[in-house]
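Chemist: Have a look at this one before I ask anything.
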Amino acid sequence: MPIKYEETKPFILGIHYAKRMPMIQFSFGLFFNDELVGVVCYGSPASQSLCRGIAGDEYRKKVLELNRLVLKNNIKNEASFLVSNSFKLLHRPVIIVSYADTSQHHTGYIYQATNFLYTGLSDKRTEWRMKGTNKHSKTICEQYTLEQRKNNPDKFHVVQRPRKHRYLYVIANKKDKKQILKNFKYPILDYPKFKNKNYKTNTNIETQGVLF
């Protein structure tokens, strides 16, 4: 069911490793005995080039990013149940994009379990970081000029952005879905495999990560 922005904070800031609130348009909760035990959040992607790059300019305003999925206990099937049921509450047609962070050893287990389409790794890029904070690179660039960043190397530095597995999911009627898939710019690839032999007994690693 839909939940308030404030209700997501204990999960995102308290459990999620990034400890950073994303831009949230829609947030939904999973409840057990009236207790909120999981949240999934959606918002507009930070990159407009990504929105255009998925299925062209015609569908750029139809793209939403699943930008946080956090579970308190991560009982079996909770993640896939929350994600799949949240889809029913979103407007349509909509293209969902989400990422699995390779720097956190995430592969996208739940995305694979809920039949997302895999479209490969994000491009290699650099991004700005601000020492002593976990601000997103986009926020840093909006708040500080390039000159300010370059002239304060003790405060700002450039790092290689971790590559992420990119997953897509189309929520639409049969006709719209067919047309959107026809317009896809990314190739649909086989799912990547998780190499850690202990993964299946420790899926909480991914569920509490940024995007798995």
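Chemist: Taking the stated definitions as given, is residue 168 within 30 Å of residue 35 (Cβ to Cβ) and modelled with pLDDT of 95 or more?
Modeler: Against the criterion (within 30 Å of residue 35 (Cβ to Cβ) and modelled with pLDDT of 95 or more), residue 168 does not qualify.
Chemist: Return a yes/no flag: does the stretch 22-30 have any residue that is without any contact (Cβ under 8 Å) to a residue 12 or more places away in the chain and in a strand (DSSP E or B).
Modeler: No; the residues of the stretch 22-30 include none that is without any contact (Cβ under 8 Å) to a residue 12 or more places away in the chain and in a strand (DSSP E or B).
Chemist: Just to be sure, is residue 50 aliphatic (A, V, I, L, M), in the same structural domain as residue 169 (by TED's automatic domain parsing) and in a helix (DSSP H, G or I)?
Modeler: So residue 50 passes the test.
Chemist: Could you please find all residues in the stretch 13-52 being at pLDDT below 95 and of a type in the set (Val, Ile, Thr)?
Modeler: 15 - this is the single residue of the stretch 13-52 that is at pLDDT below 95 and of a type in the set (Val, Ile, Thr).
Chemist: Test residue 123 against the criterion of being outside any strand (DSSP E or B), at pLDDT below 85 and under 19 Å from residue 51 (Cα atoms), and give yes or no.
Modeler: Answer is yes for this residue.
Chemist: What tally of residues in the stretch 137-154 results from selecting those that are of a type in the set (Lys, Arg) and either at pLDDT 85 or above or under 21 Å from the mean Cα position of the chain (by Cα) (or both)? Spell out how you get there, then give the answer.
Modeler: Of all residues in the stretch 137-154, those of a type in the set (Lys, Arg) come to 138, 149-150.
Now drop any that are not either at pLDDT 85 or above or under 21 Å from the mean Cα position of the chain (by Cα) (or both), which leaves 138, 149.
Qualifying residue count for the region: 2.
Chemist: Would you mention how many residues in the stretch 58-102 are farther than 19 Å from residue 38 by Cα and touching a Lys or Arg at 6+ places or on another chain (Cβ under 8 Å)?
Modeler: Of the residues in the stretch 58-102, 7 are farther than 19 Å from residue 38 by Cα and touching a Lys or Arg at 6+ places or on another chain (Cβ under 8 Å).
Chemist: Inside the stretch 53-66, can you point out the residues that are of a type outside the set (Ser, Thr, Tyr) and either at pLDDT below 95 or part of a helix (DSSP H, G or I) (or both)?
Modeler: The answer is 53, 54, 55, 57, 58, 60, 61, 62.
Chemist: Specify the residue that is nearest to the chain's Cα centre (by Cα); the eligible residues are those in the stretch 44-92 that are closer than 19 Å to residue 116 by Cα and polar (S, T, N, Q).
Modeler: Looking at the filtered set, the residue picked out is 67.
Chemist: If you take the residues of the stretch 81-120 that are part of a helix (DSSP H, G or I), hydroxyl-bearing (Ser, Thr, Tyr) and out of contact with any Pro (no Cβ under 8 Å at 6 or more places or on another chain), which of them is farthest from residue 40 (Cα to Cα)?
Modeler: In this case the residue turns out to be 109.
The values are calculated or read from the model by the stated rules, or taken from the named source; none is laboratory data. Nothing here was measured: the structure is a model prediction, and the numbers come from that model. When we count neighbours, we look across all protein chains shown, and the Cβ atoms used for this are built from the backbone with ideal geometry, even at glycine.
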